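Asker: My questions all concern the structure below.
FYI, it's all coordinate maths here, none of it is from the lab. All of these numbers come straight from a predicted model, not from anything done at the bench. Cβ placement follows ideal geometry from the backbone for every residue including glycine, while neighbour counts extend to all protein chains displayed.
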């Protein structure tokens, strides 16, 4: 279904591909042609990026200090962010989530809050979100597979939500779970991972001002392939920590089991902070390919958020606690 | 038309063109915007998967000949094997030239430190050896028996290719298992044939 808003013809500045990104694409196509494996790609104009499936605009989004200008890097275009996803609940191919999440209806949605917390219960999505102001935050997003994006998220600080839910003194960790519903999430019909997808943060990581509960991107509600209706965003950690389509938030005394750690503890640690000095056993993490760019760029320590988060890990051997 | 002429003038050119199909598919994907937001990764995987497919096609000739009884099938084996090598070369080129952009230091670290790349390189080197010894002159020079022995290495290359693919993916994914299953089936067919032959021989020896 094509959803048209009242002034669909108005082009927002965010819809315009930044000039430098456009140039980078042209450069990529040229180089591909020169390399002799670009075939027709070099001579045929890049396809127009379709504007299908644009979501509902979110109201009252506040600006923050985390803007594109303060970051000084170009935004990844909407089409790439919403067509190139790792979301195994909808299939293991990069294009599978956009394809198979098309009919996924994220609402109505509810989230169970349990464990060491003063206000446990089942919260509807609206009850969970409404008391909070939505903010826009432009963050780098670094996948463990060595590609990256810059994404203008919309959401609320997880710290605010945690404070409202009231963790008890012995709550040391926050655990999250993704919806487990093979009927609606076709990728869950095969045991690629042990469903439901699980993630977790130490309490101080959850309370860090950078940690975000995202409900949108590019000023609009989250598309299903990006983890609608509510997901975590932890910008200094590899992307798989930023769990999608959350249905459960648990406050625990002990470190909770996490999905990729369960699948391969040697390759994916509980912390999984972006660390160019600590290679994945199967590939280097020193560099990354920013989507839309040809040459790889060096990966930054803590994905460029070292100043904000390094203090969380003082005294820890990050080669051991990867 | 004799069968020889039919194979040389009609069937071989047709198969040759079909073998270029994946490149046509790639051109179409490039034109229609199907290369994803990360075209380099897509290209790498696409070419790698087709290389593995062609190894499997070449390995399928012997069992197919056994099942159909048509000996003419053997005439296509070298063609398919060389196309497997062709796609391996493209796969390697896109890795070296696009993914790593000729960063030889990083490439060397990959080959020596990342097991799945080491395994992939072993498969590539084997296919290189098989490709350069695939001419009539080389067969003559090496001698039929030794040549046959050398080209049995394709079994190892196929297994290494599958392992390379399996190890590259995160988690246990379906596609690498499907390729692995196909190779296992094709090698199993040969093993069964070999065991049957040996039993027949030993029975003859007893008699």
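Asker: Post the alpha-carbon centroid distance, segment B:73-109 to segment A:235-305, in whole angstrom.
Answerer: One Cα centre to the other: 30 Å.
Asker: May I ask you to order A:61-74, A:294-307 by the average number of other C-beta atoms within 10 Å around their residues, highest value first?
Answerer: Taking the mean over residues of other Cβ atoms within 10 Å, the ranking is A:294-307, A:61-74.
Asker: Restricting things to alpha carbons, find the Rg to Rh ratio for segment A:243-309 using the Kirkwood radius for Rh. Walk me through the intermediate numbers first.
Answerer: On the way: Rg = 14.9 Å, Rh = 14.4 Å.
Dividing the radius of gyration by the Kirkwood radius yields 1.03.
Asker: Compute the FRET efficiency between residue A:159 and residue A:266 as 1/(1 + (r/R0)^6), taking r as their Cβ-Cβ distance and R0 = 41 Å, and round to the nearest 0.05.
Answerer: 0.80
Asker: A follow-up question, please. Say each of residue B:198 and residue B:18 gets a label point 7 Å from the Cα, pointing the same way as Cα to Cβ; how far apart are those two points in nm?
Answerer: Here the modelled spin labels are 3.5 nm apart.
Asker: Select from B:189, B:31, B:87 the residue whose mean-square fluctuation is largest in a Gaussian network model of chain B (Cα-Cα springs shorter than 10 Å).
Answerer: Highest fluctuation among the options: B:31.
Asker: Evaluate peptide B:169-178: per residue, the Cβ atoms of other protein chains within 10 Å of its Cβ; return the mean as an integer.
Answerer: Details: counts 3, 15, 10, 6, 6, 4, 2, 0, 0, 0.
Across B:169-178, the average partner-chain Cβ count within 10 Å equals 5.
Asker: What does the highest-first list of A:265-273, B:39-47 look like by mean Cβ count within 10 Å? Intermediate values should be presented prior to the final figure.
Answerer: Working: A:265-273: 18.2, B:39-47: 22.2.
Taking the mean over residues of other Cβ atoms within 10 Å, the ranking is B:39-47, A:265-273.
Asker: Determine the distance separating the Cα centre of segment A:122-150 from the Cα centre of segment B:134-165; give it in Å without decimals.
Answerer: Segment A:122-150 and segment B:134-165 have Cα centres spaced 54 Å from each other.
Asker: Residues of segment A:113-144 with backbone nitrogen within less than 17 Å of a virtual label 7 Å along the Cα-to-Cβ line of residue A:62, please, listed as ranges.
Answerer: Residues A:129-138 fall inside that zone.
Asker: Inside 10 Å of the C-beta atoms of B:28-37, what's the mean count of C-beta atoms belonging to other chains? Walk me through the intermediate numbers first.
Answerer: Values: counts 2, 3, 11, 8, 2, 7, 2, 4, 7, 16.
Mean shielding by partner chains, rounded to a whole number: 6.
Asker: Follow-up question, since we're still on this one. Roughly what would the spin-label model give for residue A:316 and residue A:287, points 7 Å off Cα along C-beta, in nm?
Answerer: 2.9 nm
Asker: Determine, for each peptide in B:64-72, A:98-106, B:161-169, the mean count of other beta carbons within 10 angstrom over its residues, then list the peptides with the highest first.
Answerer: Per-residue Cβ counts within 10 Å, averaged per peptide and sorted highest first, yield B:161-169, A:98-106, B:64-72.
Asker: OK, next. Report the extension gain between residue A:127 and residue A:307 in nm, rounded to one decimal, defined as 0.36 nm multiplied by the number of residues separating them, less their alpha carbon distance.
Answerer: 61.4 nm
Asker: Taking R0 as 22 Å, what's the FRET efficiency between residue B:1 and residue B:135 from their Cβ-Cβ distance, rounded to 0.05?
Answerer: So the FRET efficiency works out to roughly 0.25.
Asker: Another question, then. What translational D, rounded to a whole number of µm²/s, comes out for segment B:1-52 from Stokes-Einstein when the hydrodynamic radius is the Kirkwood one over Cα pairs, at 25 °C and 0.890 mPa s?
Answerer: On the way: Rh = 12.9 Å.
Once the numbers are plugged in, D ends up at 191 µm²/s.
Asker: Just need the Rg to Rh number for segment A:191-240, please, alpha carbons only, Kirkwood Rh.
Answerer: Answer for segment A:191-240: 1.00.
Asker: Semi-axes of the equivalent ellipsoid for the protein assembly as shown, please: Cα gyration tensor eigenvalues, times 5, square-rooted, ordered largest first, whole Å.
Answerer: Semi-axes, largest first: 49, 27, 22 Å.
Asker: Just tell me how shielded A:277-289 is by partners: mean number of partner chain Cβ atoms within 10 Å of each residue's Cβ, no decimals. Could the numbers behind the result be given before it?
Answerer: Working: counts 0, 0, 3, 2, 5, 10, 6, 5, 0, 2, 3, 0, 4.
The shielding value for this peptide is 3.
Asker: Related question: Report, as a whole number in µm² per second, the diffusion coefficient that Stokes-Einstein gives for chain B at 25 °C and 0.890 mPa s using the Kirkwood radius over alpha carbon pairs.
Answerer: For these conditions, the coefficient is 129 µm²/s.
Asker: Could you tell me what fraction of 2.2 N^0.38 Å the Cα radius of gyration of segment B:83-193 comes to, as a two-decimal ratio?
Answerer: My calculation over the Cα atoms of segment B:83-193 gives 1.20.
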